[in-house]
Amino acid sequence: MALERPKSLRELALEYLRKRIVDGTFQMGQVLSERKISEELGVSKSPVREALAQLRDEGLVQIEPQKGARVFTLTVDEVIQICDFRQVIECASFELALQRDPAGLAADIDKIVLKMAAKKDTGDEDAYIALDNEFHQLIFEHAGNDYLTASYTRYVGKISALRKLLSQLPKHTDLSFDEHSAIAEAVRKGDLMEVKALLAEHIDRTRKAYTKAADLLGAPVE
C-alpha cells in the first residue's frame with residue numbers, strides 16, 4: 001500500500017485559509033495579514049504568501065500592491081455570472097452523467113439527499129452545506145469529463161462560500177432541501193428535461209435571493 005505523502009507547509013496554509021474563507025470565518029472583504037496567519041500556523045510568511053497566491057487564482061482572495069490580501073467580495077453582477085456559469089456547466093454534466101452512468105448517479109445522489117435530510121433536521125448547517133457541495137460535485141464525477149470537472153473545480157470555493165452566505169437567509173435551507181429532493185427524483189426517473197428545468201429553478205433562486213438580500217449579506221454596490 002502506498003504511503004500518503006506528508007503535506008507541505010504551503011498545502012497546510014492553503015487548506016487552513018480556504019476552509020475559513022468558504023465557511024465564513026474570514027468574511028467577505030476582510031483583510032488577511034500574512035504575519036498574523038503565519039504566527040497562527042507556526043510557519044514562515046513564505047508558504048502563507050504562496051497559499052494566498054493560489055487562492056487569488058481561485059478567486060477567493062484579492063491581492064493589491066501595497067495593500068496586501070483580502071477575502072473576495074461578490075457584487076450582484078458577479079453572482080449573476082456565477083449562476084449563468086453553473087447553469088451551463090451543470091446542465092451539460094447532468095446530460096453526460098445520465099447518458100453514461102444513470103444508475104450510479106441516482107444511487108449516489110439519493111444517499112446524499114438522505115444525509116442532507118438528517119443534517120437539516122438536526123440543524124447542522126455546516127454539515128448540510130458540505131453535503132450540498134458534494135451533491136453538485138457528484139454530477140461531474142459521473143459525467144466523466146475531466147475538462148468540465150476542472151472548469152467547475154476552479155470556482156468551487158467561491159460557489160461554496162456563496163452557499164454558506166445564503167444559508168443566513170430565512171427558510172433558505174428548507175427550500176434548498178426541497179429542490180435537491182426534486183432533482184434527485186427526476187434523476188431516478190432519468191428525465192433529463194425535468195432535471196434541467198429543476199436545476200434552472202434551483203440556481204435562479206440563488207440569483208434572486210442574493211439580489212434581494214445584497215444589503216443584508218454585505219454585497220458591494222458595484
Counting just the residues of the range 187-222 that are modelled with pLDDT under 85 and assigned to a loop (DSSP other than H, G, I, E, B), which one comes out surrounded by the most Cβ atoms within 10 Å (Cβ to Cβ)? Ala219
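Let me confirm something: among Lys19, Lys67, which residue is free of Cβ contacts under 8 Å to residues at least 60 places away in the same chain, within 27 Å of Thr149 (Cβ to Cβ) and surrounded by fewer than 16 Cβ atoms within 10 Å (Cβ to Cβ)? Please lay out each step first, then the result.
Working: Lys67 fails: within 27 Å of Thr149 (Cβ to Cβ).
Unique residue meeting the criteria: Lys19.
Within the range 153-163, restricting attention to residues that are free of Cβ contacts under 8 Å to residues at least 60 places away in the same chain and surrounded by 15 or more Cβ atoms within 10 Å (Cβ to Cβ), which residue is nearest to Phe26 (Cα to Cα)? I'd like the intermediate steps shown before the answer.
Looking only at the range 153-163, we keep the residues that are free of Cβ contacts under 8 Å to residues at least 60 places away in the same chain, and these are 153, 156, 163.
Those still in the list that are surrounded by 15 or more Cβ atoms within 10 Å (Cβ to Cβ) too: 156, 163.
Working: Val156: 17, Arg163: 15 Å.
Among those that are free of Cβ contacts under 8 Å to residues at least 60 places away in the same chain and surrounded by 15 or more Cβ atoms within 10 Å (Cβ to Cβ), it is Arg163.
What about Asp121, is it assigned by TED's automatic domain parsing to the domain that holds Ala186, in contact (Cβ under 8 Å) with a residue 12 or more places away in the chain and of a type in the set (D, E, K, R)? Quick ask: steps written out before the conclusion?
Values: assigned by TED's automatic domain parsing to the domain that holds Ala186: yes; in contact (Cβ under 8 Å) with a residue 12 or more places away in the chain: no; of a type in the set (D, E, K, R): yes.
No: the conditions fail for Asp121.
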Which of (1) more than 18 Å from Ser160 (Cα to Cα); (2) part of a strand (DSSP E or B) does Arg70 not meet, given it meets every other one? (1)
Enumeration of residues in the range 85-106 that are free of Cβ contacts under 8 Å to residues at least 60 places away in the same chain and part of a helix (DSSP H, G or I): Val88, Ala92, Ser93, Leu96, Ala97, Gln99, Arg100, Ala103, Gly104
Within the range 164-179, restricting to residues that are in contact (Cβ under 8 Å) with a residue 40 or more places away in the chain and outside any loop (DSSP other than H, G, I, E, B), the one that is surrounded by the fewest Cβ atoms within 10 Å (Cβ to Cβ) is Asp174
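If you go through the range 44-57 one residue at a time, do you hit one that is part of a loop (DSSP other than H, G, I, E, B), farther than 19 Å from Ser160 by Cβ and either in the same structural domain as Ile183 (by TED's automatic domain parsing) or hydroxyl-bearing (Ser, Thr, Tyr) (or both)? Outline the logic, then answer.
Initially, the range 44-57 is screened for residues part of a loop (DSSP other than H, G, I, E, B), giving 44.
Checking the rest, the ones that are also farther than 19 Å from Ser160 by Cβ come to 44.
Still in the running and either in the same structural domain as Ile183 (by TED's automatic domain parsing) or hydroxyl-bearing (Ser, Thr, Tyr) (or both): 44.
Yes, that holds for at least one residue.
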Conditions (1) surrounded by fewer than 18 Cβ atoms within 10 Å (Cβ to Cβ); (2) over 28 Å from Ala53 (Cβ atoms); (3) more than 19 Å from the chain's Cα centre (by Cα): number failed by Ala127: (3)
Exactly one of Ile63, Ile80, Ile109, Ile89 is closer than 22 Å to Lys36 by Cβ, out of contact with any Asp or Glu (no Cβ under 6 Å at 6 or more places or on another chain) and of a type in the set (A, V, I, L, M), and that one is Ile63
Confirm whether Ala182 is out of contact with any Pro (no Cβ under 9 Å at 6 or more places or on another chain), in contact (Cβ under 8 Å) with a residue 12 or more places away in the chain and within 27 Å of Arg70 (Cα to Cα). no
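Quick grid of which residues meet (1) over 25 Å from Arg18 (Cβ atoms); (2) over 13 Å from the mean Cα position of the chain (by Cα):
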{"site": "Gly144", "(1), (2)": "yes, yes"}
{"site": "Ile159", "(1), (2)": "no, no"}
{"site": "Leu162", "(1), (2)": "no, no"}
{"site": "Leu165", "(1), (2)": "no, no"}
{"site": "His180", "(1), (2)": "no, yes"}
{"site": "Ala186", "(1), (2)": "yes, yes"}
{"site": "Lys189", "(1), (2)": "yes, yes"}
Just one of (1) touching a helix residue (DSSP H, G or I) at 6+ places or on another chain (Cβ under 9 Å); (2) modelled with pLDDT of 90 or more; (3) not small (Gly, Ala, Ser) trips up Glu58, so point out which. (2)
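The values are calculated or read from the model by the stated rules, or taken from the named source; none is laboratory data. Given the structure is predicted, the values throughout are model-derived calculations rather than measurements. Note: ideal-geometry Cβ built from the backbone for every residue, glycine included; neighbour counts use all protein chains shown.
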